[in-house]
Amino acid sequence: MLDAAETVNDLQTMRDEGHLSDALLRAAVRSIEKGDDRFDWVGVYLLNEEGLWLHNYMGEPTEHARIPVGTGICGRAVQERTNLNIPDVAAEEDYLACSPDVQSELVILIRAGDEIYGQIDIDSEEKAAFTEEDEITLIAIADKLAEQLAAERREDA
Ligand code: SME
């Protein structure tokens, strides 16, 4: 079982040590993927002017390295500014297939206030794999990642 508090603490420790978002985003994907057998593919997409780009992932290689806002489940989450828990990807017209084995998908936005930095995307080979508890856990992790991304954005300004 993925432990939200432990993962969030580990990410905060990395911040305290001076690690930047690149390292945090990779560490988050690793601990989420290791944290639960239902999570077959775990990745982070970041958002820029052109849309979503795949920062890092664990699982089968995907051709969806870039996804425009409004395209696929991932792009829909950004367009609608909402997390998406999709119990059956086959029922979604806009679904972009990663692997034929995927049955359900969870997209959690990495956001702080009005700003969307990207998203955590998880695929499962089980139908309706994702619970409300998963959503709460993943939101806590996404919020910690957003804290670091926001801090780096402020330094650039
Ligand atoms: N299924 C996603 C595309 C990303 S892959 O799952 C890695 C979508 O429909 O946007």
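Before anything else, pin down the relative contact order of segment 4-156: Cα pairs under 8 Å, at least 6 apart, normalised by residue count, whole percent.
Details: 274 pairs, mean separation 36.3, N = 153.
About 24 percent, as a whole number.
Where nothing but the Cβ of Lys and Arg (+1) and of Asp and Glu (-1) is charged, how large is the charge dipole of segment 4-156 around its Cα centre, in debye to the nearest 20?
The calculation lands at about 360 debye.
With r defined as the distance between the Cβ atoms of Arg26 and Arg153 and R0 fixed at 22 Å, what FRET efficiency is calculated, to the nearest 0.05? Can you show the working numbers first?
On the way: r = 19 Å, r/R0 = 0.85.
About 0.70, to the nearest 0.05.
Mind running the shape call on the chain? Use the C-alpha gyration tensor, a ≥ b ≥ c as the square roots of the eigenvalues: rounded below 1.5 for a/c, prolate if a/b tops b/c, oblate otherwise.
Oblate, since a/c reaches 1.5 and b/c is not below a/b.
Please list Trp53, Trp41 in order of solvent-accessible area, largest first, computed with a 1.4 Å probe with all protein chains present.
On the way: Trp53 80, Trp41 10 Å².
Accessible-area ranking of Trp53, Trp41, largest first: Trp53, Trp41.
Which one, Asp114, Asp88, Asp37, has the greatest fluctuation when you compute a Gaussian network model over the chain with C-alpha springs under 10 angstrom?
In the Gaussian network model the winner is Asp114.
Please identify, among Ala128, Ala77, Ala91, the residue showing maximal mean-square fluctuation in a Gaussian network model of the chain using a 10 angstrom Cα cutoff.
Answer for the Gaussian network model of the chain: Ala91.
Among the GluC sites (Glu not before Pro) within segment 20-118, which fall in a DSSP loop and have no more than 13 other Cβ atoms within 10 Å of their own Cβ? Don't jump to the answer; show the numbers that get you there.
Details: sites: Glu33, Glu49, Glu50, Glu63, Glu80, Glu92, Glu93, Glu105, Glu115; in loops: Glu49, Glu50, Glu63, Glu80, Glu92, Glu93.
Sparse-neighbourhood loop GluC sites (Glu not before Pro): Glu49, Glu50, Glu63, Glu80, Glu93.
Would you mind calculating the relative contact order of segment 16-61 from Cα pairs under 8 angstrom and at least 6 residues apart, reporting the percent as a whole number? Mind showing how you got there, number by number?
Working: 46 pairs, mean separation 15.1, N = 46.
Worked out over segment 16-61, it gives 33 percent.
Per DSSP H run of n ≥ 4, the term is -39500 (n - 2.57); total these for the chain, divide by its residue number, and report the mean residue ellipticity at 222 nm rounded to 500 deg cm²/dmol. Provide the component values of the computation, followed by the final result.
Numbers: 4 runs with 61 residues, N = 157.
Rounded to the nearest 500, it is -13000 deg cm²/dmol.
So in the chain, what percent of DSSP beta bridges are antiparallel if you round to the nearest 5? Mind showing how you got there, number by number?
Numbers: 27 of 27 bridges.
So the antiparallel bridges in the chain amount to around 100 percent.
Once the piece of chain linking Met1 and Arg66 is laid out straight, how much longer is it, given 0.36 nm per residue of separation minus the C-alpha distance between them? Walk me through the numbers before you get to the answer.
Working: separation 65, 0.36 × 65 = 23.40 nm, distance 3.01 nm.
That pair, Met1 and Arg66, stretches by 20.4 nm at full extension.
The values are calculated or read from the model by the stated rules, or taken from the named source; none is laboratory data. Note that the structure is predicted; figures quoted are calculated from it, not measured. Ideal geometry is used to build each Cβ from the backbone, glycine not excepted, and the neighbour counts take in all protein chains shown. What goes into the accessible areas is simple: the full protein's heavy atoms, side chains included, and nothing from ligands, DNA or RNA. Shrake-Rupley method; radii C 1.70, N 1.55, O 1.52, S 1.80 Å.
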